[in-house]
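The values are calculated or read from the model by the stated rules, or taken from the named source; none is laboratory data. Bear in mind the structure is a predicted one, so any value in this text is a computation, not a measurement. With ideal geometry, Cβ positions are generated from the backbone for all residues, glycine too; neighbour counts draw on all protein chains shown.
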Amino acid sequence: MLDVVMLARSPSGDPYVAAPDEVAGIEWLPFEALRDDPRTQPWTRDSLVLIERKRQEIGW
C-alpha cells in the first residue's frame with residue numbers, strides 16, 4: 001500500500017485514475033476526513049498533520 005498526500009487549494013472536477021494498471025483509486029477528501037479515518041496509516045496521519053501546519057503557515 002502506498003499513500004500519497006498532496007496539498008491543493010481547491011480541487012475542481014472529478015478525480016480519475018489515468019493509469020488503472022498502476023493506481024487502484026483516487027479521491028478528493030478534506031483533512032479531517034483523512035486524519036480521523038481509522039484506515040489511515042500512522043505515517044500518513046503524521047504527513048497530514050505536517051501538511052495542515054504548512055497550509056496554515058502559508059495562509060491557505
If you check ARG53, ARG9, ARG39, ARG45, which single one turns out to be part of a loop (DSSP other than H, G, I, E, B), out of contact with any Pro (no Cβ under 7 Å at 6 or more places or on another chain) and modelled with pLDDT of 85 or more? ARG39
Within segment 17-25, is there a residue that is surrounded by 12 or more Cβ atoms within 10 Å (Cβ to Cβ) and at pLDDT below 90? yes
